[in-house]
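*Asks:* First, the structure itself, so that you have it in front of you.
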Amino acid sequence: MKKFIQNIKNIWAIEDLRNRILVTLAFAAVYRAGSFVVLPGIDPDKLQALEAQTSGGLMSLLNMFSGGAFSNASIFALGIMPYISASIVIQLLAIAVPSFQKLQREGESGRRKINLYTRILTIFILIFQAPAYLLNLKMTSGGALTSGIEWFEFMVVSTIILAAGSMFILWLGERITDRGIGNGVSLIIMLGIIARLPNAFIQEGSSRLQGATGGGLLMFVIELLILFAVICAAILLVQGTRKVPVQYAKRVEGGRTAVGGARQYLPLKLFAANVMPIIFAQALMFIPITMVGLFSDDGSSSWLMRNLTTHTSWFYNVVFATLIILFTYFYTAITMNPTQMAEDMKRNNGFIPGVRPGKDTAEYIDSIMSKITFPGSLFLAAIACMPAFAGLFGVQQEFGAFFGGTSLLILVGVVLDTLAQIESHLMMRHYEGLLNSGRIRGRQG
């Protein structure tokens, strides 16, 4: 406790770091306040149907990322997800399209062009996503629209407001990156997730203590201990790396080469795909549900429908875990290019001791990635299925979401990145770090 208080004093003593934290808190307050500003023409007291729709399934994921703005019909209802979707598309194009690959190699000018293309694609996504959100709002909560307002007029104005709100959130994230403590977009997502934690904690505690779900105080304490253990496991997953030793050669007199400098390491991450396999798998799981609902005469009695709509069923979790493992291999393969890594290493006169540069190095890196991706994918699938196991023991769905899946991994990753940023400021000014055991490593290694 004494060390924690001293760290707070050290942070506050650094003027630049103090200002960055205060700026971050101010922008975060603006974002959270905007999540409760309802679209003009909507009666917030008549959104019960929309809230019920976002209590589970894919809609709950969208609502989680927006911090509840989706179910509030807020001006920030679409959140940062359109930008995330555009970033994923541009990232895939940078792997498959040579012109985008060339932009990536152009340094700062190429990065600016890629950012511009990402923003343009975000606007196009918003043009389609905003009317889709409004049509869903009309079907679920048609009575929420104030009388006397024309639907077409409301659609046009609200589409502009939703698009502007999403782009404003992106602007807030960039300001947090430039003037705050960094990782602006990630912090925006984390704020949306963590905003649900206090209410979920209170609901679960009240349910246990009042005997609604049984177990009492002892069961609630056990839940917290299990949650702490899962968080520790997620930290190990996010920080896990396999370090490959790399030596660098330099030219000496007579045109010969000699090994120079200390041995360095190439960190190959156990968790290279981040949370993208879970997001892809969750989106894909809703395709058969939609198909069964459309073509089944009695969808409620269908065995497939019952098992795919119940996140605690063994069939759902087996399919979900299998998709996560497959997507982990797929996403790792398209984001990690062993051939490019081997070429960059060779270009800088680097080599792995005992391995020939070029093709042999690429094959060696690829074999290591294959070996560490398998346990990483199993670990990722296990954490993603933890909310289902929590539901089997009577944990409410809103609180159970923090036992694993996308929300937990994003929270752990962003918190580690933020702590690493703060620690770098402390170490740069010769203050003691946040931990005695060494420097904090975020997702970037």
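*Asks:* Run through all the Cα pairs of the stretch 148-238 and give the fraction in each 10 Å bin from 0, expressed as whole percent.
*Replies:* For the stretch 148-238, the binned pair fractions read 14, 23, 24, 22, 16, 3 percent.
*Asks:* Another one. Considering only the other residues whose Cβ falls under 12 Å of the Cβ of Lys346, what net charge follows from Lys and Arg at +1 and Asp and Glu at -1?
*Replies:* For residues surrounding Lys346, the net value is 0.
*Asks:* Would you please state which residues of the stretch 85-111 a label at Leu266 would reach in this model, taking the label point 7 Å out along Cα→Cβ and a backbone N cut-off of under 20 Å?
*Replies:* Label zone hits: 95, 105.
*Asks:* Given a Förster radius of 45 Å and the C-beta distance between Phe168 and Leu392 as r, what FRET efficiency does 1/(1 + (r/R0)^6) yield to the nearest 0.05?
*Replies:* 0.65
*Asks:* With r as the distance between the Cβ atoms of Leu22 and Arg112 and R0 = 25 Å, compute the FRET efficiency 1/(1 + (r/R0)^6) and round to 0.05.
*Replies:* 0.30
*Asks:* With every atom except the alpha carbons ignored, what do you get for Rg and Dmax of the stretch 106-184, in angstroms?
*Replies:* Rg, Dmax (Cα atoms, Å): 16.8, 55.
*Asks:* Please state the shape class of the stretch 1-155: rounded when a/c is under 1.5, otherwise prolate if a/b exceeds b/c and oblate if not, all from the C-alpha gyration tensor.
*Replies:* Oblate, because a/c is 1.5 or more while a/b does not exceed b/c.
*Asks:* Let me ask something additional. Which percent of Cα pairs goes in each bin when the distances of the stretch 81-218 are cut into 5 angstrom slices starting at zero?
*Replies:* The percentages, shortest bin first, are 2, 8, 11, 13, 13, 13, 11, 9, 8, 5, 3, 2, 0.
*Asks:* Rounded, prolate or oblate: which fits the stretch 360-417 when a ≥ b ≥ c are the square roots of the eigenvalues of the alpha-carbon gyration tensor, with rounded for a/c under 1.5 and prolate only if a/b beats b/c?
*Replies:* The shape class here is oblate.
*Asks:* Still on this model: Per residue, how big is the convex hull around the C-alpha atoms of the stretch 1-93? Give it to me in cubic angstrom, could you?
*Replies:* 188
*Asks:* Pop out the ³J(HN,Hα) list for the stretch 89-94 in order, Karplus 6.51 cos²θ - 1.76 cosθ + 1.60 with θ = phi - 60°, rounded to Hz; leave Gly and Pro as x.
*Replies:* Residue by residue, the stretch 89-94 yields 4, 5, 5, 5, 5, 5 Hz.
*Asks:* Rounded if a/c is under 1.5, else prolate if a/b beats b/c, else oblate: with a ≥ b ≥ c from the C-alpha gyration tensor eigenvalues square-rooted, which is the stretch 1-55?
*Replies:* Prolate is the answer for the stretch 1-55, as a/c is 1.5 or above and a/b outweighs b/c.
Where a number appears in this text, it was derived from the coordinates with a stated rule and is not lab data. No experiment lies behind these values; they were computed from the predicted model shown. Note that we place each Cβ from the backbone using ideal geometry, even for glycine, and neighbour counts take in every protein chain shown.
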